[in-house]
Structure formats: C-alpha cells, structure tokens
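The values are calculated or read from the model by the stated rules, or taken from the named source; none is laboratory data. This one's a predicted model, so the numbers in the text were calculated from it and none came from an experiment. With ideal geometry, Cβ positions are generated from the backbone for all residues, glycine too; neighbour counts draw on all protein chains shown. Surface areas here come from the heavy atoms of the whole protein model, side chains and all, with no ligands, DNA or RNA. Shrake-Rupley method; radii C 1.70, N 1.55, O 1.52, S 1.80 Å.
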Amino acid sequence: MSQFLQALKVQRWDDHRYYHHSRINQSLHLISAVSFLVAYAFLFIQPPVAALIAWLISMVSRQSGHFFFEPKGYDEVNHATHEYKEEIKVGYNLKRKVVLMAVWAGLPVVLWLQPDFFGLLEAHTQPSGYVLNVGWLWLWLGVGGLAFRVLQLAVTQSLYTGIVWAIKIITDPFHDILLYWKSPLYLLQGELIAKPEHLIEERAEHEAELARHQA
C-alpha cells in the first residue's frame, strides 16, 4: 500500500508541476473539483444528471484551463519543452483531449439523429428525455475514456501505472481543492502565473516528503 501511495503522489506531483502553472488554470480546476464532488453525489441519485454536471461544468472548466491559459512555451522551472511534456504525460495530453472532447461534442448530434442511439437507449419523446439520454451517453463516455486509457497504459507502460492513474483521476477533485483553494487569491493579487520561487518551494517539499517515505 505504501508503494501504491508513493506512486500516486509521484503522478500527482508530475501532473501539478508540469501542467498547472497558470493561476487561472488552477482556479478553473478548483471550480471543476467542487462541481465534480456535486456530480459524485448525483451518481447515487440521478446518474445522467451527474454526467451532465461533470461534462458541462467540471470538464469544460478544467479543459478550458489547459487549452487556453496554461503556458505552452519552454518550462524554465522544470527544464522541459511543451513537446516533451506532451510526450511523457501519463494521462490525456492535449492531442488525446481533442479527440475525447470531439467525441463528447458529437454524441448529442448522433443522438438527435438516432433518438434510440442504435437501439441502446429508449427513444426520447420530450426535450427532458433527450437531455437525460445525452447524460447517459456522456456517463458511458467518461467510464469508457477512463478504461481505454488504463488499457493503453497497460500496453505501453504497465497495468499498475494505469490503475494508479485511474485512482488519481477519480480522487483528483478532493486533492485539487486542497491544492488550489488559494489560487483565486493569487489571481486577485495579479499573479497570472505561479512565481518560480513558489514552484521551487513546492518541489523541495515534495522531494523531502518522498525522502521521508523512502527512509
């Protein structure tokens, strides 16, 4: 278990240090995390509503931060190019996200043309039924996207890495709230990009924590 938790911390740290320099991106992740928790609650009440919240609020805010606000130049703090970070990303890099979001946007169109979605759903007769069916499709897309990337990682790296990544994704909303709750305050102070000294301090804290676990 300690080895698993350490691998989880490493993935979380790499994700944070490489892909979350923008305070706007961090603040959008905070919004995303809170709405994801609401979606988690709705999973036990109305699963399609949970998917609608997760995709329309959580995912849109989260991915907007990555696509539009996160710097894509050379990372001076981590000494890495944007291309290198895209190549080594464990989860969905920007190219994979484009495909995922294209499928997400296309599913409502397909459902409009095929109200029963090729016999997999009960055809909607009212607008509310259409919206709920979209929610069901997006719920399946979320589960499928998670499983697909785990299988990819199992083939390209290891099943262990894939499982750790899946747990990271599922628990990210809780972690992001703890990590980014101060980000809106930094924005109010005019800090659009995390200062290098902040990132260096975070790296030192992370390395010290890993050293304690390895001791």
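Inside segment 142-160, residues that are exposed (fewer than 14 other Cβ atoms within 10 Å of the Cβ), within 19 Å of residue 60 (Cα to Cα) and among the hydrophobic types (A, V, I, L, M, F, W, C) make up a count of 1.
Any residue at all in segment 21-34 that's under 14 Å from the mean Cα position of the chain (by Cα) and not in a helix (DSSP H, G or I)?
No, that holds for no residue.
Within segment 41-62, the set of residues being of a type in the set (A, V, I, L, M, F, W, C) and open to solvent by 50 Å² or more (accessible area, probe 1.4 Å) comprises 41, 42, 43, 44, 45, 56, 57, 60.
Between a first residue in segment 63-77 that is open to solvent by 50 Å² or more (accessible area, probe 1.4 Å) and a second residue that is modelled with pLDDT of 95 or more and in a loop (DSSP other than H, G, I, E, B), which pairs have beta carbons less than 7 Å apart while being 6 or more apart in sequence or on different chains? These pairs meet every condition: 74/81. Being of a type in the set (A, V, I, L, M), over 25 Å from residue 131 (Cβ atoms) and out of contact with any helix residue (DSSP H, G or I) (no Cβ under 6 Å at 6 or more places or on another chain) is the filter here; which residues of segment 38-85 pass it? The answer is 80, and nothing else. Scanning segment 126-141 for residues that are in a helix (DSSP H, G or I), touching a Lys or Arg at 6+ places or on another chain (Cβ under 8 Å), crowded, with 17+ Cβ neighbours inside 10 Å and not small (Gly, Ala, Ser) turns up nothing. On the given criteria, is residue 78 farther than 22 Å from residue 162 by Cβ and part of a helix (DSSP H, G or I)? Taking the combined requirement at face value, the residue does not satisfy it.
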